[in-house]
Amino acid sequence: MLYQPLKLKSRRYGRILKRILDETRPAQCQGARKILAWLVCAMRPLRWREIQCAISTDADAGILNPEQRLIMGPKGICGSLVEQQPDDSLRLVHTTAKL
């Protein structure tokens, strides 16, 4: 299953993630996985535009493809696992959601 590699400490967040990944369209599921991967691995809070840019970049070709950007906002994609701060940065709702 797609949510197992993230291995969240909290069962509550694991259930939320499972619901997001199992009950959404494939494109939204893939977007949620990318957002959560960036947030979990980031050394600092990332702004939404930084995540959009990272997701829209084809690293192999070295080009930015704006058509790959996410249409929905972070809350629409990741539900209650992320919060968008007033400065436009995204954060996981709780440290137990971060590995």
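The values are calculated or read from the model by the stated rules, or taken from the named source; none is laboratory data. Since the structure is predicted, the reported quantities are computational estimates derived from the model, not experimental observations. With ideal geometry, Cβ positions are generated from the backbone for all residues, glycine too; neighbour counts draw on all protein chains shown.
Points to keep in mind about this one:
- Failed item, numbered, when ALA59 is tested on (1) out of contact with any Ser or Thr (no Cβ under 9 Å at 6 or more places or on another chain); (2) at pLDDT 85 or above; (3) exposed (fewer than 14 other Cβ atoms within 10 Å of the Cβ): (2)
- The stretch 35-51: number of residues that are surrounded by fewer than 17 Cβ atoms within 10 Å (Cβ to Cβ) and assigned to a helix (DSSP H, G or I): 6
- When the residues of the stretch 52-61 are filtered to those that are of a type in the set (A, V, I, L, M, F, W, C) and outside any helix (DSSP H, G or I), the one that is farthest from VAL82 (Cα to Cα) is ALA61.
- For ARG69, the criteria (1) of a type in the set (Lys, Arg); (2) closer than 16 Å to LEU17 by Cα; (3) in contact with a helix residue (DSSP H, G or I) (Cβ under 9 Å, 6 or more places away or on another chain) hold in every case but one, which is (2).
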